[in-house]
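Visitor: This is the structure I want to talk about, given as structure tokens.
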Amino acid sequence: MCKLYYSLKKYLIPTLANLNNVKNINIFCSKLDSKTIENVKAVGTGLSCGIDSFSTIYDHNKEECPNEYSITHLTFFNVGSHGSHGGEKANKLFNERKRNVQRCAHELGKDLVIVDSNISEILKIPFPETHTLRSVSAALTLQKLFNIYYYSSAVHIKDFELNEKSIGHFVFSAYPC
């Protein structure tokens, strides 16, 4: 079963139906690509050194977290949070933050994967409007590494909403890659 289909049926549609107090719908696909991308079974999450990423790291390193769900790698992406339209100033900020993240990853004893993208120079769209999609796209470039990737959310599930100005309100959980 394809991951998108599974995630829609298992997580997104039931959650949306429940939050909006409407009936759950079914989706049907005439053909699903059952090919999976082989990966090395790593488990990752982003590291910004903010409370959201530290919370995700803490939640997936506790003793009660099954080994296959425990974080093995941390990521740091340059996809716009350091400056919506890129450029020299954004690159300088990215490099400053990268040094902090590298020190933190070393202290935590985790491998760090850095993705430095020029997507901001191409899109020329304010980062808050697309930040989730940009970050997820960077994570998806690492599918051969990650079996599971946790995306930290700044909002609780009870605050879920579809909002065209703040895409972050509809990311509320972590999904397997």
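The values are calculated or read from the model by the stated rules, or taken from the named source; none is laboratory data. Keep in mind the model is a prediction, meaning the values are calculated, not measured. Please note: Cβ atoms are built from the backbone with ideal geometry, for glycine as well, and neighbour counts cover all protein chains shown. Note: areas computed on protein heavy atoms with side chains; ligands, DNA, RNA excluded. Shrake-Rupley method; radii C 1.70, N 1.55, O 1.52, S 1.80 Å.
Visitor: Can you tell me which residue among 89, 10, 3 is modelled with pLDDT of 90 or more, open to solvent by 30 Å² or more (accessible area, probe 1.4 Å) and out of contact with any helix residue (DSSP H, G or I) (no Cβ under 9 Å at 6 or more places or on another chain)?
Guide: After ruling out the rest, the residue left standing is 89.
Visitor: Something else about it: Tell me which residues, restricted to segment 19-60, are aromatic (Phe, Trp, Tyr) and either in contact with a Pro (Cβ under 8 Å, 6 or more places away or on another chain) or in a helix (DSSP H, G or I) (or both).
Guide: Correct list: 54, 58.
Visitor: Six or more apart or on different chains, Cβ under 7 Å: which pairs go from a residue in segment 91-117 that's within 22 Å of residue 136 (Cβ to Cβ) to one that's among the charged types (D, E, K, R) and open to solvent by less than 90 Å² (accessible area, probe 1.4 Å)? Could you list them?
Guide: 114/98
Visitor: Now for a separate question. Within segment 100-136, which residues are open to solvent by 60 Å² or more (accessible area, probe 1.4 Å) and part of a strand (DSSP E or B)?
Guide: 111, 114, 116
Visitor: Additional query: Just for segment 28-48: of the residues that are open to solvent by 50 Å² or more (accessible area, probe 1.4 Å) and within 17 Å of the chain's Cα centre (by Cα), which one is nearest to residue 153 (Cα to Cα)?
Guide: 48
Visitor: Under the condition of being in a loop (DSSP other than H, G, I, E, B) and farther than 17 Å from residue 142 by Cβ, which residue from segment 61-78 is modelled with the lowest pLDDT?
Guide: If we take residues in segment 61-78 being in a loop (DSSP other than H, G, I, E, B) and farther than 17 Å from residue 142 by Cβ, then 62 is modelled with the lowest pLDDT.
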